Amino acid sequence: MKKTAPLLLFLLMTCLLCAGCGAAPDFEPAELAEKLEGSGCFTDLLSEMDQSMALELYGLSESDVVQCAVYLGTGATAEEIAVFKAASASAAKTVAEALTARRDSQIAAYKNYVPAEVPKLESAIVKSSGAYAVYVTSADADGAAKIVSDYMK
Amino acid sequence: MAQLVHTVIPSVLALSLTLGALFGCTSRTSGDPASAPPEETHTAQTEVTPALPETPPSVPGSADPVSPSPDLAPASPTPTPGPAYPDLTEQPEQNDEFFADSAMLGNSLVDGFRLFSGLTSCDYYCATSMTVAGAGDLIAQMSQKQYGKVYILLGINEIGYDVDYFIKQYDAMLDSIREREPEADIYVMGLTPVSAHKSATDTTFTMDRVNAYNEALRALAGEKECWYVDLCDALADETGYLPANVTTDGVHFAAGHYKLWLQYLRTHYAPEAL
């Protein structure tokens, strides 16, 4: 009995710790994208882009992406929302690399075009978790980050 | 003697009449190979037709006394007028296939067109902040392929320049494109409208400047035998400005407006493009 109690306690602690880590994310990309788009974290008019054009924009192949939801600003700003559900965790890393390249390319483009957008780009969210990868450039990076973290631990 | 005249002459006349009755002086009848040829085929033409005083005298023995002389050269055909550059009128709507031989060259607005118009059948050569002076690399890339149509939108990033200086650069660019794309119809797309608020509060992005640039571009297009696409006609509202609800900075616009632009291109093209 004296040996059983500590063992039970150990098992209970382990289960609690695993619960705190959280399960792999599982959501519709459109759900997160729409929540961000309506959050007030953006100043530009955002327009949704169809999936085939989004794949072309980010240089991704259909085999890497199951589903995505992408919103772009008018060009007056660099504001952008891109949420991808990839074919696998490995594919999600490929997508995240493409999103990082997109952010860097935008910094180069806006540096001389609309320099005021560069700070937004430098504080952009680029994150992957499980089979998901997300890129968000917004006027309120902290507000956007909180929304993303509710979906992707 | 008198008796001889009165006797011989009547006898000769009687003989002539008798012979005439026997052999006939009939007019030609249809299908009758023995009929005498029409009288007009043997009529000598001796006078110039009064209606054509400059007409030379007809050759004797010509077939028809009222027909022109066969020596007259036929009148020159009326020359067909060339294309009426630079203005386009509304034509029947074309589908995406119409643009399959097209190149779109330009700045961030052309990039927006690429991303949001829905037109994927053409090739795009565009970049944010692109100018006429900086378009050389894009033109070189474009020249790897021969196109039937080249659409150009450049100028909003240079709207602070002197108009004549801008047109001089644009003129040289058109020559370069024409040399590399000799078969292409070139469409000079005019600057897009700005919003009323932008025009009222900015010293550079005003409709006065947009209109000045566009008048100069239209004139240049005419000189260079290019077509002019009036994007203010396509995209401005009834007040002549970019609608306020499609823009945040008064210059760039949201996705739906690019579809209007595409729709305009579907119905405004060179008449002989089909």
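The values are calculated or read from the model by the stated rules, or taken from the named source; none is laboratory data. Being a predicted model, the structure only gives us computed values, none of them experimental. Note that we place each Cβ from the backbone using ideal geometry, even for glycine, and neighbour counts take in every protein chain shown.
Structural remarks
- Verdict on B:L88 being surrounded by 10 or more Cβ atoms within 10 Å (Cβ to Cβ), of a type outside the set (K, R) and either under 25 Å from B:V150 (Cα atoms) or at pLDDT 90 or above (or both): yes
- Test result for A:A133, surrounded by fewer than 19 Cβ atoms within 10 Å (Cβ to Cβ), of a type in the set (G, A, S), more than 14 Å from chain B (Cβ to nearest Cβ) and touching a residue at least 40 places away in the same chain (Cβ under 8 Å): no
- Some residue of region A:108-123 being aliphatic (A, V, I, L, M) and touching a Leu at 6+ places or on another chain (Cβ under 9 Å): no
- Filtered by the rule that a residue be within 19 Å of B:F116 (Cβ to Cβ) and more than 14 Å from chain B (Cβ to nearest Cβ), region A:32-52 gives A:A33, A:E34.
- Residue selected from region A:85-101 under the condition among the charged types (D, E, K, R) and surrounded by fewer than 20 Cβ atoms within 10 Å (Cβ to Cβ), by the criterion nearest to the other protein chains (Cβ to nearest Cβ): A:E97
- Note on region A:45-79: among residues that are in contact (Cβ under 8 Å) with a residue 40 or more places away in the chain and in contact with a helix residue (DSSP H, G or I) (Cβ under 8 Å, 6 or more places away or on another chain), the one that is surrounded by the fewest Cβ atoms within 10 Å (Cβ to Cβ) is A:G59.
- The residue of region B:97-118 that is farthest from the other protein chains (Cβ to nearest Cβ), among those that are in contact with a Lys or Arg (Cβ under 9 Å, 6 or more places away or on another chain) and within 17 Å of B:L231 (Cβ to Cβ), is B:S102.
- Within region B:167-197, being crowded, with 21+ Cβ neighbours inside 10 Å, within 28 Å of B:V246 (Cα to Cα) and not small (G, A, S) holds for B:Y187, B:V188, B:M189, B:L191, B:T192, B:P193, B:V194.
- The listed residue being more than 14 Å from chain B (Cβ to nearest Cβ), modelled with pLDDT of 95 or more and crowded, with 22+ Cβ neighbours inside 10 Å, out of A:A144, A:A82: A:A144
- Of all residues making up region A:108-117, the number that are in contact with a helix residue (DSSP H, G or I) (Cβ under 8 Å, 6 or more places away or on another chain) and either touching a residue at least 60 places away in the same chain (Cβ under 8 Å) or over 13 Å from A:G75 (Cα atoms) (or both): 1
- Residue, nearest to the other protein chains (Cβ to nearest Cβ), within region B:230-247, restricted to residues that are surrounded by fewer than 21 Cβ atoms within 10 Å (Cβ to Cβ) and part of a loop (DSSP other than H, G, I, E, B): B:P243
- Some residue of region A:69-77 being away from every other protein chain (no Cβ under 14 Å), within 25 Å of A:T94 (Cβ to Cβ) and hydrophobic (A, V, I, L, M, F, W, C): yes
- Members of region B:199-255 that are over 22 Å from B:P271 (Cβ atoms) and small (G, A, S): B:S199, B:A200, B:A212, B:A216, B:A236, B:G240, B:A244, B:G250, B:A254, B:A255
- First in region A:136-152 and under 16 Å from A:L99 (Cα atoms), second anywhere and buried (at least 20 other Cβ atoms within 10 Å of the Cβ) and among the aromatic types (F, W, Y), Cβ under 7 Å, 6 or more apart: A:S138/A:F42
- Looking at A:E31, A:E97, A:E117, just one residue is under 24 Å from B:A254 (Cβ atoms) and under 13 Å from the mean Cα position of the chain (by Cα), and that residue is A:E31.
- Selection from region B:124-137 of residues that are surrounded by 18 or more Cβ atoms within 10 Å (Cβ to Cβ) and more than 13 Å from chain A (Cβ to nearest Cβ): B:Y125, B:V132, B:A135
- Pairs where the first residue, in region B:230-249, is without any contact (Cβ under 8 Å) to a residue 24 or more places away in the chain and the second is part of a loop (DSSP other than H, G, I, E, B), C-beta under 7 Å, 6+ apart: B:D237/B:P243; B:V246/B:F253; B:V246/B:A254; B:T248/A:T43; B:T248/A:D44; B:T248/A:L45; B:T248/A:T74; B:T248/A:A76
- Region B:202-229, subset of a type in the set (A, V, I, L, M, F, W, C) and not in a helix (DSSP H, G or I), residue nearest to the other protein chains (Cβ to nearest Cβ): B:F205
- The residues on offer are A:L60, A:L55, and the sole one that is within 14 Å of chain B (Cβ to nearest Cβ) and at pLDDT 95 or above is A:L55.
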